[in-house]
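Asker: To start, I am sharing the structure in question, which I have written as structure tokens.
The values are calculated or read from the model by the stated rules, or taken from the named source; none is laboratory data. Given the structure is predicted, the values throughout are model-derived calculations rather than measurements. We place every Cβ from the backbone using ideal geometry, glycine too, and count neighbours over all the protein chains shown.
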Amino acid sequence: MAGNGTNGQQYVGTRTIRPDGADKVTGRARFGADYNLAGQLIGKVLRSPHPHARIVSIDTSKAEALPGVKAVITRDDFADMPSEFIPAGEMMMNYKDVTRNVMAREKALYEGHAVAAVAATSAVIAKKALKLIDVTYDVLPHVIDVVEAMQPGAPILHDDLFTVGVEPKPDRPSNVAKRVEISQGDIDAGFKRADVIVEREFKTAPVHQGYIEPHAVLATVSEDGSAEVWVSTQGHYIVRAHCARLLGMDIGKIRVNAAEIGGGFGGKTVVYLEPLALALSRKAKRPVKMVMSREEVFKASGPTSGAVVKVKMGATKDGKFVAGWAELKYQAGAFQGSPVQPGVMCAYAPYEIEHVKVVGYDVVSNRPKVAAYRAPGAPISEYAVESVVDEIAKKLGIDPIQLRMMNAAHEGTKAAYGPKFGPLGLEETLNSIKKTEHWNTPLRKWQGRGVASGFWFNIGGETCVSLTVNEDGTVSLMAGTPDIGGLRASLAAVAADELGIPYDKVRPIIGDTGSLGFNFLTGGSRSAFSGSMAIVEAAKQIKSELCARAAKLWEMKPDEIEYAGGHVKPKVASEKVTPMSLVDFAKVAGKTGGPIGGVGRINAQGAGPSLGTHLVDLEVDPETGRVTILRYTVAQDAGKALHPAYVEGQFQGGAVQGIGWALNEEYIYGADGKLQNAGFLDYRMPVASDVPKIDAIVVEVANPRHPYGVRGVGETPIVPPLGAIANAMENATGIRFTELPMSPPKVLKALKEKYGAGGAGR
Amino acid sequence: MRYEAPESVQGAVALLAAANGDARVLAGGTDLLVQMRADVVEPELIVDIKRIRETRAVTQENGGWRIGAAVTGAELKEHAPLKQAWPGVVEAANLIGSTQVQGRATLGGNLCNGSPAADSVPALIAAGAVAKLAGPHGQRDLPVEDVMLGPRTLALRPGEFVVSFLLPPRPPRSADAYLRFIPRTEMDIAVVGAGVSIAVDGAGTITAARVSLGAVAPRVLLVAEAAQAIIGSRLDDAAQERLAAAARAACRPIDDKRGTTEFRVDVAGVLARRAALIAMDRARTR
Amino acid sequence: MARVVLVGNLTQLTGGVAEFDLSATSVRQLFRQLADLHPEIAPHLEEGVAVAIDGQIYQDALLEPIGADSEVFILPQIAGGSLEDVP
Amino acid sequence: MAKHHVEAIVNGDPVEFLCETEETLLDVLRDTLHLTGSKEGCSSGDCGACSVTLDGRLVCSCLVLGCEVGGRTIETIEGMAKGETLHPLQQRFLEHAALQCGICTPGFLVASKALLERNPNPTETEIRYWLAGNLCRCTGYDKIITAVQDAAGAMRKG
């Protein structure tokens, strides 16, 4: 397609040094908590110690009287909102829930739910003030588990929550917010055609995104009602939209600056501290800085759902999948909105299956409201399906890669969720894996090998970037999507190639909400995909403007002039005119009509799904149940890798997050409904010595809808690991583990039951 | 909150005795600071013992080794003669937390934090280490297994603190080992810990042994039955099984976020056996 | 006529009817025609769905053209970075 | 009570500051000395983002009290590059894309430097265990390990 740089692809596809790199390795880069303003106050949040309690009264008078305390806020400082879904940015939000999640109203719905907040002249005083706030709770019975929450007689979180999506409409409230379903073909007929049917129930624990930087914000509200915010977020325009709505402010009055962000993975797409800091600042008339502790991050920001998933799949004896059924029960946390819908749609998406029916339930319980986590919902349902696929392969005696290949979705396949796919790279990833030395290496006793594939949609969405040609011909690139994993390197490479100028002559920055039009957030694997599209658009404007001005300078027609190789020149070389570089043109910009620049404003469409296949070797200690990951290979379709090193990094990072999810990460609750492992010590994310090198194979099946062929890559890598590791565990032990995490006590128990102590019977 | 860093044992004792129990001793701080941050403890006075010479030294004493209570794990690891004599103790100290934590964490702090899961404590107990305590009424020696009475409960009297530990002389053909179980490779609190110290005769028969288990009871256990199970043996399969059975029988663990009762009991047997095999191997080659 | 297929819960708003043949030439026309047939679905269309035209998914693309023989699926919004969607 | 008056050496420069007893070295570095390169990820010594060296010894600055460091020498990420020249580790981290979000990077660099000062030729396993106290959630550690190995090689060659 067009694009592809007037100078060819000199930088796209190469491993350039990231433009923000020097600041990141010297400590100069400013993350959320690194911003300070003169006169700032420190804000802290009082959180509910109870998982479920009616808030009878809140007395803040003693806290307010403490010297140094400048503002105290509670539910009374936020307007109530009706229950309706309205757009916020691109998203649909129910602000009745949002306002209650940032500050408890009638009830505290989980341990750690914000109940009040203070701003004081120091952290020590703010902490002291929290202890002086008297909250009278009427403690209510709580429910944590998703299945228990669905039972009749379970404690009800919301009296006005009636299950949507069931007929007849329920006449009493429940914890089931909605039932969703996709189906095609005739599922019963499909199973009648099957020679082999496997049915299994799976359980997964809630896991946290685990970004290393806790949520942090600095906000200041002026006497005239205008506000400025510095915040670690995946979407500063979304922060602006939410805060404006919650605080009754005009969107244009709030300027939000995206700080460098220390990881998000979906967890920084919503607001927690931001509206509180603004409300405190508005009240105190001083800047307010708020930073969560790690314990607060675990207790009060979104993990993803734990779930119970039933899968039933049928295949013919020659290995053709004919029917896929599943039932998904996803925890939403205290407010509705689990990722069960994408879980339903993704469950069978990697495969061509005629008869599919998947039903999902979105279930509230007394846990923190879930937030997006990398391919939200998909890892859970695809783990269950990939486990069953492996079992079918074993029953049929077909190689698991071969079985997947026989059923792989490809261009023209009708997706399990409806429409036909364009070009897809699943078969290519399977082939790449099969060709690795890894796949062909022998294993020893108690070692196992597993393979699994994964699918994620990817999205585009509203995107605005600007390219400004400076007086010396260097180019300022401004994007409006926070750069979490090297975005600026990719975008600068695209801009340099589009304009045919050196990479280091492009300086990319992330603009604030006042400097560019609306940008949807960094998420859905969209920022490099959409941003590069918008840059192509902005560069096109610059090139056409240059040609138009050159036409006037050279007294030629614009269509006789082109921009190529970094120069404006006549299409047919002429002795009368000398081609002008961008640098040459920058010098005369003022004399030829003023500054030169382009703004790409698009709603990017055409995001192509990215599919991946993971291969893992592991070893089980039969005496302790401990699992060691020995070797790991990822192959994934990137469409086109703008920056191969950062694409590989996404693959590797996602794989290791998946390893954590599969083996040791989980939210552990006591009978009292309180989280017992709200810290990195007992919430066991993989450390460097837990994992081997992760081989990354970048497959490139171009996305025809993108000028460079790009597909988003950030989310798919976390989808296959759970299934791949479970399949490797089966291969190592002969046991099909159906509950995550596969932590040592569970593994040892299963081994003992099957083989006796120490695996002696194997 | 007051902070004092006395330079003598007497100075520290005087501060602690005057504080009426509202003081905390600061050695490496890797537990204390975390607890202060989480508001678990809010002492009036912090007595930093790191400026006291006796707490910071590793010295030979009557053929054994005296280790200051505030010597860090990283320093122990770099002490080649000590590592040669008591590899299990040094290994255990080096399992406490990360490299960064190693730069601060101490044997004294690990013991006095009062956790049954402390990594260095089973190794010290297996080694037969004796703690030297200083208090208002002078100094006294107490075997490490008698220092901790239960979770967060110590046998220390008001005003007392641990100054140092004495590891006994190492006879020929003797060695120790420590193993712990954690789900990850690093950065976890022991789900089970096992320290074993063994001496063998010229024929390879075990003449003396001490076995200690951590994280399987309210306090770290010295399991005499487990030692008896292997003394007189060459740690053949039957002896290993007797050892494992005795270790399992001694466990009185809880079910918690770090492991189930059943798991801890099973793994205690496994680790006791594996640690004994390592200690045996080392002892034979000396 | 374009073939229009509703996916998932949307059929509950059309009395169970999942497939339509409509003469729409843009997404906006398609939404209007569907809303005329089944008023209950109207509030969900403009903000809460994605549209797949001949296999290609569009979100918030009211002006996207629809061919005479196009196959159009109306899907739940694919949020990606966030979880919020209509019930 | 009155604040502690502390004098120390930070990145080769003499500094003096006042702090409360409960303030950690990390608090002092970030809030008082405005050296925000050391990051606060957990306040419990579990993430390593606040790694510094104290008299040459690698520690978590969140587990050291500010009042403890009188007369001592502290090195932070801000002291790693010499003038305009990045340390070989910093350079290799950039070349190998060993960072994504970058929040853990200062801690990894300080910890890696401490490793190579003790062991100029570490194995992959030694690097992984040395760095086990530095959490990274983005990279899966792969490129970090490669960057450290490569920097070690370059530094051995001088």
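Asker: Determine which member of the set B:Pro116, B:Pro168 is at pLDDT 95 or above, buried (at least 23 other Cβ atoms within 10 Å of the Cβ) and either within 25 Å of B:Ala279 (Cα to Cα) or under 15 Å from the mean Cα position of the chain (by Cα) (or both).
Answerer: That would be B:Pro116, the only listed residue that is at pLDDT 95 or above, buried (at least 23 other Cβ atoms within 10 Å of the Cβ) and either within 25 Å of B:Ala279 (Cα to Cα) or under 15 Å from the mean Cα position of the chain (by Cα) (or both).
Asker: Moving on to the next point. Report whether or not C:Ile53 is at pLDDT 85 or above, under 14 Å from C:Leu6 (Cβ atoms) and more than 7 Å from chain A (Cβ to nearest Cβ).
Answerer: On the way: at pLDDT 85 or above: yes; under 14 Å from C:Leu6 (Cβ atoms): no; more than 7 Å from chain A (Cβ to nearest Cβ): yes.
So C:Ile53 does not fit the description; no.
Asker: Let me ask another. Of the conditions (1) within 12 Å of another protein chain (Cβ to nearest Cβ); (2) modelled with pLDDT of 95 or more; (3) out of contact with any helix residue (DSSP H, G or I) (no Cβ under 7 Å at 6 or more places or on another chain); (4) crowded, with 22+ Cβ neighbours inside 10 Å, A:Gly639 satisfies every one except a single condition; which number is it?
Answerer: Tallying (1) within 12 Å of another protein chain (Cβ to nearest Cβ); (2) modelled with pLDDT of 95 or more; (3) out of contact with any helix residue (DSSP H, G or I) (no Cβ under 7 Å at 6 or more places or on another chain); (4) crowded, with 22+ Cβ neighbours inside 10 Å, A:Gly639 fails exactly one: (1).
Asker: While we're looking at this one, here's another question. Among helices (runs of 4 or more DSSP H) lying entirely in the range B:60-123, which contain 1 or more residues that are more than 20 Å from D:Gly56 (Cα to Cα)?
Answerer: In the range B:60-123, B:80-85, B:87-93, B:107-112 are the helices (runs of 4 or more DSSP H) which contain 1 or more residues that are more than 20 Å from D:Gly56 (Cα to Cα).
Asker: What tally of residues in the range B:1-20 results from selecting those that are closer than 12 Å to B:Phe161 by Cα and loosely packed, with under 15 Cβ neighbours inside 10 Å?
Answerer: To start, the set of residues in the range B:1-20 that are closer than 12 Å to B:Phe161 by Cα comprises B:9-17.
Of the ones still in play, those that are also loosely packed, with under 15 Cβ neighbours inside 10 Å are B:10.
Count: 1.
Asker: Quick one: in the range B:235-257, which of the residues that are assigned to a loop (DSSP other than H, G, I, E, B) and more than 20 Å from the chain's Cα centre (by Cα) is nearest to the other protein chains (Cβ to nearest Cβ)?
Answerer: Filtering the range B:235-257 for residues that are assigned to a loop (DSSP other than H, G, I, E, B) and more than 20 Å from the chain's Cα centre (by Cα), the one nearest to the other protein chains (Cβ to nearest Cβ) comes out as B:Lys257.
Asker: Of the conditions (1) more than 10 Å from chain C (Cβ to nearest Cβ); (2) surrounded by 24 or more Cβ atoms within 10 Å (Cβ to Cβ); (3) not hydroxyl-bearing (Ser, Thr, Tyr), A:Asp318 clears all except one; give me its number.
Answerer: Only one criterion is unmet by A:Asp318, namely (2).
Asker: Here is a follow-up. Could you give me the residue pairs with C-beta distances under 8 Å whose first residue belongs to the range D:34-57 and is within 18 Å of B:Met187 (Cα to Cα) and not assigned by TED's automatic domain parsing to the domain that holds D:Phe108, whose second residue is surrounded by fewer than 24 Cβ atoms within 10 Å (Cβ to Cβ) and β-branched (Val, Ile, Thr) wherever it lies, and which are 6+ apart or on separate chains?
Answerer: D:Glu40/A:Val291; D:Ser43/B:Val34; D:Ser44/B:Val34; D:Gly45/B:Val34
Asker: Starting from residues that are hydroxyl-bearing (Ser, Thr, Tyr) and under 24 Å from A:Ile484 (Cα atoms), keep the ones in the range A:614-649 and report whichever is farthest from the chain's Cα centre (by Cα).
Answerer: Taking the candidates together, the pick is A:Thr633.
Asker: Scan the range A:175-182 and tell me whether some residue there is within 30 Å of D:Cys47 (Cα to Cα), assigned to a strand (DSSP E or B) and within 14 Å of another protein chain (Cβ to nearest Cβ).
Answerer: no
Asker: Is it the case that A:Tyr646 is hydroxyl-bearing (Ser, Thr, Tyr), out of contact with any strand residue (DSSP E or B) (no Cβ under 9 Å at 6 or more places or on another chain), within 14 Å of chain D (Cβ to nearest Cβ) and in contact (Cβ under 8 Å) with a residue 12 or more places away in the chain?
Answerer: Yes, satisfied.
Asker: Another question about this same structure. Of the residues that make up the range A:562-578, is at least one within 27 Å of A:His643 (Cβ to Cβ), modelled with pLDDT under 95, among the β-branched types (Val, Ile, Thr) and not in a helix (DSSP H, G or I)?
Answerer: Within the range A:562-578, not a single residue is within 27 Å of A:His643 (Cβ to Cβ), modelled with pLDDT under 95, among the β-branched types (Val, Ile, Thr) and not in a helix (DSSP H, G or I).
Asker: Which pairs do you get when a residue that is not assigned by TED's automatic domain parsing to the domain that holds B:Val192, found in the range B:256-274, comes within reach of a residue that is buried (at least 24 other Cβ atoms within 10 Å of the Cβ), reach meaning Cβ atoms under 9 angstrom, with the pair 6+ apart or on two chains?
Answerer: none
Asker: Same structure, new question: Any residue in the range B:40-47 that is surrounded by fewer than 19 Cβ atoms within 10 Å (Cβ to Cβ), free of Cβ contacts under 8 Å to residues at least 40 places away in the same chain and outside any loop (DSSP other than H, G, I, E, B)?
Answerer: Looking for residues that are surrounded by fewer than 19 Cβ atoms within 10 Å (Cβ to Cβ), free of Cβ contacts under 8 Å to residues at least 40 places away in the same chain and outside any loop (DSSP other than H, G, I, E, B), one finds none in the range B:40-47, hence no.
Asker: So for the range B:26-39 (the condition being among the aliphatic types (A, V, I, L, M), closer than 18 Å to B:Asn110 by Cβ, in a strand (DSSP E or B) and within 11 Å of chain D (Cβ to nearest Cβ)), does at least one residue qualify?
Answerer: yes
Asker: Can you pull out the helices (runs of 4 or more DSSP H) entirely within the range A:49-152 that have at least 2 residues that are in contact with a strand residue (DSSP E or B) (Cβ under 6 Å, 6 or more places away or on another chain) and either buried (at least 23 other Cβ atoms within 10 Å of the Cβ) or basic (Lys, Arg) (or both)?
Answerer: Those helices (runs of 4 or more DSSP H) span A:123-131, A:146-150.
Asker: Another question, if that's okay. What number of residues within the range A:652-698 satisfy the criterion of being assigned to a helix (DSSP H, G or I), under 30 Å from A:Phe529 (Cα atoms) and more than 8 Å from chain D (Cβ to nearest Cβ)?
Answerer: Residues flagged as assigned to a helix (DSSP H, G or I), under 30 Å from A:Phe529 (Cα atoms) and more than 8 Å from chain D (Cβ to nearest Cβ) within the range A:652-698 amount to 5.
Asker: Which one of these does A:Lys434 not meet: (1) outside the structural domain of A:Gly450 (by TED's automatic domain parsing); (2) over 21 Å from the mean Cα position of the chain (by Cα); (3) not aromatic (Phe, Trp, Tyr)?
Answerer: That leaves (1) as the condition not met.
Asker: Could you please find all residues in the range B:40-54 being closer than 22 Å to B:Thr72 by Cβ and either charged (D, E, K, R) or within 8 Å of chain D (Cβ to nearest Cβ) (or both)?
Answerer: Matches in the range B:40-54: B:Ile46, B:Asp48, B:Lys50, B:Arg51, B:Arg53, B:Glu54.
Asker: Let me ask something else about it. Could you please find all residues in the range D:119-148 being surrounded by fewer than 24 Cβ atoms within 10 Å (Cβ to Cβ), at the interface with another protein chain (Cβ under 7 Å from one of its Cβ atoms) and free of Cβ contacts under 8 Å to residues at least 12 places away in the same chain?
Answerer: Listed by number, the list holds a single entry, D:Tyr129.
Asker: Separate question: Could you tell me which of the residues A:Ala528, A:Ala586, A:Ala539, A:Ala534 is within 14 Å of chain C (Cβ to nearest Cβ), of a type outside the set (D, E, K, R) and either part of a helix (DSSP H, G or I) or out of contact with any helix residue (DSSP H, G or I) (no Cβ under 6 Å at 6 or more places or on another chain) (or both)? Spell out the reasoning first.
Answerer: Working: A:Ala586 fails: within 14 Å of chain C (Cβ to nearest Cβ); A:Ala539 fails: within 14 Å of chain C (Cβ to nearest Cβ); A:Ala534 fails: within 14 Å of chain C (Cβ to nearest Cβ).
After ruling out the rest, the residue left standing is A:Ala528.
Asker: Being within 14 Å of chain D (Cβ to nearest Cβ) and not charged (D, E, K, R) narrows it down to one of B:Ala14, B:Ala57, B:Ala23, B:Ala18, so name that one.
Answerer: B:Ala23
Asker: Turning to a different aspect of this structure: List the strands (runs of 3 or more DSSP E) inside the range A:433-484, counting only whole elements, that have at least 1 residues being modelled with pLDDT under 95 and touching a helix residue (DSSP H, G or I) at 6+ places or on another chain (Cβ under 8 Å).
Answerer: A:461-469
Asker: Whether any residue in the range A:40-47 is part of a loop (DSSP other than H, G, I, E, B) and either touching a Lys or Arg at 6+ places or on another chain (Cβ under 7 Å) or of a type in the set (A, V, I, L, M) (or both) is what I want to check.
Answerer: yes
Asker: Answer with yes or no whether A:Gly377 is under 24 Å from the mean Cα position of the chain (by Cα), within 20 Å of A:Gly654 (Cβ to Cβ) and touching a residue at least 60 places away in the same chain (Cβ under 8 Å).
Answerer: So A:Gly377 fits the description; yes.
Asker: Continuing with the same structure: If I ask for residues that are at pLDDT 95 or above and out of contact with any Pro (no Cβ under 9 Å at 6 or more places or on another chain), which ones from the range A:1-23 would you list?
Answerer: A:Val12, A:Thr16, A:Ile17, A:Arg18, A:Gly21, A:Ala22, A:Asp23
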